Amino acid sequence: MTCAEATPLVELELDGELDARSVLELREYVSRCPSCTRHAASLRALSDAAREHLRRFEPPAGFEDRLLRSVRPRRISRAWTGTAIAAAAAAADGSVARAMTLLDEDALTIREQALEVLARLPAVDPADLHALGDALAGTDPQPLAAFLDTVNAWLSQRLERGRGDLARLDRLAEASEHINAAARDAETYNLERKPLIFNVFGLLAEATRG
Ligand SMILES: [Zn+2]
């Protein structure tokens, strides 16, 4: 084996896409080559760092309480079963307040609207962002929470699928960090939500391009 042969294999191994026999051969070679050892270590560090940067929106103090208080049970469809509620609670990281948000019919509309815009990335139509911004306008915590849950779930999925491309993984993780920091600021300081939407999709378009 040569360094040129080993280099792409190191990435495949990191992705778990190398068969056991090739893994053994690769490790044997890498352990004897200082340059490949360094390459493997830096790739692993980059991959770990990208994963660590993927943090979900951490709401400011009092956000969950406001969310729970703002839940209007009458708006939650009677069609929801225990299974749907359990699935929503799981999707909301076990938070009941966020689960209720996921089941709210208006929140579902926002979720669908956001998913449509996300599906078109890296293309972004300002008219879509205005529409989404209008749907999120005001200070009601529910629409914002529904929007952020949707974006974060979409980002997690992208990060899972994009494992082979470390540069892209890194860009997505960085975008995720900026998006959640911006959302936290918007909630803490009660900022206009339309600029937040434009900011979020600007970051996502940049991260998904190329
Ligand atoms: Zn080497």
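Nothing in this text is a laboratory measurement; each read-out follows from the coordinates by a stated rule. These numbers were taken from a predicted model, which means no experiment stands behind them. FYI the Cβ positions are ideal-geometry reconstructions off the backbone, even for glycines, and counts take in every protein chain you see.
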Between Leu12 and Ala167, how many nm apart are label points set 7 Å from Cα along the C-beta direction? 2.1
At a 10 angstrom cut-off on C-beta neighbours, averaged per residue, how do the peptides 184-193, 128-137 rank from highest to lowest? 128-137, 184-193
What number comes out for the charge environment of Ala186, summing +1 per Lys or Arg and -1 per Asp or Glu over other residues with Cβ under 11 Å away? 0
With labels modelled as points extended 7 Å from the Cα through the Cβ direction, what inter-label distance (nm, one decimal) is found for Glu28 paired with His130? 6.6
By the C-alpha gyration tensor axes a ≥ b ≥ c (rounded if a/c is under 1.5, else prolate when a/b exceeds b/c, else oblate), the shape of segment 110-210 is prolate
